[in-house]
Every structure is written in structure tokens, then in C-alpha cells.
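Here's the structure we're looking at; comments come further down.
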Amino acid sequence: MYKHSFIISVIIKKEVMKYQKLLFVFIFTLFFNSELYSQNRKNMEIATFGSGCFWCTEAIFQQLIGVESATSGYSGGEVKNPTYNEVCSGQTGHAEVIQVKFNSELLSFTDLLEVFWQTHDPTTLNQQGTDVGTQYRSVIFYHSNDQKELAETFKQKLDKAEIYDNPIITEISEFEAFYKAEDYHQEYYNNNKTQSYCNFVITPKLDKFKKIFKDKLN
């Protein structure tokens, strides 16, 4: 009887120790992941760019390593919560933009500027290809003095190097507000790849982008 009790006691102790180890691993993993998540939150920054139709811009920036999200919307206008039709009328003053949330440990604001200026024509006033109107203007809405200085310096260097035949007219303005565009604009390219505009305008642009920035893609 004593022998059986001893064996049972040993088995119970082993099981308890096993579960204690599992509990320790669980708690450690939970703590580590929490710390990692907290650190990632600290590294997160926001950038806001307008470079023509936001369907194109969103499809490009969401491909980059370090970009957590690229959201289509409107900035730089005078009306709160504008609709797409109101923005397209040219009466609200908004530009079609994307708001990029990115991890600055993986992708710098300078990296984003490089992509921004190489994936649209910053020399045409209120126009990108056949898209014409103030809502299609080239614009950077900076969120900090650092972003402002980097954008202005980058622009000056491009002009000095005469990369483009004409002067860069990109607007660099302080960020004030962002209004998320209607749901059907989000992930537009990914959800409508066979649509004619996506097929003939966005896909070729995206293919070219992928060749140039292949080392920065997810």
C-alpha cells in the first residue's frame, strides 16, 4: 500500500512540475510578445502622400517591407468628412492621399520619399496622366519638423540634379486632418485587378515599381 502511494505521489509531482514548466514558458512567451509589440508600437510612424489617384498610390506603398497599412483618403481641404464626389468636384480643396503607417526600424521616411518621387510625375500641376484636377496634385503632408526638412531637402536635391525636364512642383504642407475614403476605395486594386483602369494604368505602373524597388518589397 505504501509502495503504491509513493509511486502515485512521484507521478503527481512529475505532472505538477511538467505543468509548471509549461506555465512558465507560456508566461515568458506572453511577456516577450507583449514587449515586442510595445517596441513595435514605439517604432510606428505616419506619413501622408498625394501622388494622383489613391488607387495607384495605395497599391504601391502597401508592397513595402515595414508598411503596416496604407489607407486611402482625403487631406488638405476645407470641408470635414468630404465624400468622393465632393472631392472630385474640386470644390473642397482636398487631395486624394494615402496615409501610411510604417515601422521606422524597417523603413525610413527617406525610403518612402524615394518611392514617392519615383512613382509619379511631380512636375505636372494638378495632373497625373489623364487624371486632371486639384485632387490629383503632388503633395506631402508632413507630420513633424523632421519629415518637413527631409522632404524639402530631397526636393531641392532632385531639382539641383535636374532629374526631371521641368521643375518639381510638389506641395509640402503641414498635416492637419485625414479623412478615410469610402470602403470601396480601400484595397481597390487588389479587389478589382481586371477592371480596365487597374489593368491598363495601375498594373504596368506596379510592375515597373517592383523592378526598381525589389529589395524593399514584402
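The values are calculated or read from the model by the stated rules, or taken from the named source; none is laboratory data. Computed from a prediction, not measured in an experiment: that's the story for all the values here. Because the Cβ atoms are built from the backbone with ideal geometry, glycine has one as well, and the counts that use them run over all protein chains shown.
Only one of the numbered conditions (1) free of Cβ contacts under 8 Å to residues at least 60 places away in the same chain; (2) of a type in the set (D, E); (3) assigned to a loop (DSSP other than H, G, I, E, B) is not met by D207, and that is (3). Can you tell me which condition T153 does not meet? The list is (1) in contact (Cβ under 8 Å) with a residue 40 or more places away in the chain; (2) among the β-branched types (V, I, T); (3) not in a strand (DSSP E or B), and all the others hold. Of the numbered conditions (1) in contact (Cβ under 8 Å) with a residue 40 or more places away in the chain; (2) among the β-branched types (V, I, T); (3) not in a strand (DSSP E or B), the odd one out for T153 is (1). In the set I212, I202, I172, only one residue is touching a helix residue (DSSP H, G or I) at 6+ places or on another chain (Cβ under 9 Å), at negative phi, surrounded by 11 or more Cβ atoms within 10 Å (Cβ to Cβ) and at pLDDT below 95; that residue is I212. Taking the stretch 55-84, which residues are over 8 Å from the mean Cα position of the chain (by Cα) and without any contact (Cβ under 8 Å) to a residue 24 or more places away in the chain? Passing the criteria: G77, E78, V79. Residue selection: E105 satisfies the criterion of being within 15 Å of the chain's Cα centre (by Cα), among the charged types (D, E, K, R) and assigned to a loop (DSSP other than H, G, I, E, B).
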